[in-house]
Amino acid sequence: MTDVEGTALFHKTMPFTERLGIEVLENTAGLVRSRIAWDETLCTLGGALHGGALMSLADATGAVCAFLNLPEGGQGTTTIESKTNFLRAVRSGHATATAKPLHAGRKVIVVETEIHDDAGKLVAKVTQTQAVL
């Protein structure tokens, strides 16, 4: 079920997510879930959802997770490192990203995001480091 408020917040703070059609499913400090629908305009010639679209999904989801884990006095975050391992293609349905904080410090926040397909198979794993602003 789509989190309408969370989706609106994603789109307001990161307009690119609206263009990609990202929907938020869950939006808490401990877990942020969002998804992107397979669409031929977001694919490679082989019909697989483009890695850049998947990375954008993971980056946005991880960024919100980091923001929700800001320390007292933190104003925001910015990605300073992101590592993606692609494991399989998405050729239909949705790609769903689930982000969890690994470390929420005063200067950096590390988030791990997994992307799964509709069958629950792991598509990509992303580790992201966010600087606290």
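The values are calculated or read from the model by the stated rules, or taken from the named source; none is laboratory data. Fair warning: this is a prediction, and the values are worked out from it, not measured in the lab. Cβ coordinates were reconstructed from backbone atoms using ideal geometry, including for glycine residues, and neighbour counts include every protein chain displayed.
With the structure loaded, tell me whether LEU9 is more than 18 Å from ILE115 (Cβ to Cβ), at pLDDT below 95 and not in a loop (DSSP other than H, G, I, E, B) or whether it fails that test. Criteria met by LEU9.
So which residues in the range 27-42 are out of contact with any Phe, Trp or Tyr (no Cβ under 8 Å at 6 or more places or on another chain), closer than 19 Å to ALA119 by Cα and not aromatic (Phe, Trp, Tyr)? Listed by number, the residues that qualify are ARG33, ARG35, ILE36, ALA37, ASP39.
Scanning the range 79-133 for residues that are part of a loop (DSSP other than H, G, I, E, B), charged (D, E, K, R) and within 17 Å of LEU25 (Cβ to Cβ) yields ASP117, ASP118. The number of residues in the range 29-82 being of a type in the set (S, T, N, Q), surrounded by 13 or more Cβ atoms within 10 Å (Cβ to Cβ) and more than 13 Å from the chain's Cα centre (by Cα) comes to 2. Just to be sure before I move on: is ARG35 basic (Lys, Arg) and either part of a loop (DSSP other than H, G, I, E, B) or touching a His at 6+ places or on another chain (Cβ under 8 Å) (or both) in the structure I sent? For ARG35, the condition - basic (Lys, Arg) and either part of a loop (DSSP other than H, G, I, E, B) or touching a His at 6+ places or on another chain (Cβ under 8 Å) (or both) - is met.
Considering (1) out of contact with any helix residue (DSSP H, G or I) (no Cβ under 8 Å at 6 or more places or on another chain); (2) not in a loop (DSSP other than H, G, I, E, B), the lone condition that LEU70 does not fulfil carries the number (2).
For GLU18, indicate whether it is free of Cβ contacts under 8 Å to residues at least 12 places away in the same chain and closer than 19 Å to VAL111 by Cα. When the stated conditions are applied, GLU18 does not pass them. Restricting attention to the range 12-28, the residues that are surrounded by fewer than 17 Cβ atoms within 10 Å (Cβ to Cβ) and part of a strand (DSSP E or B) total 1.
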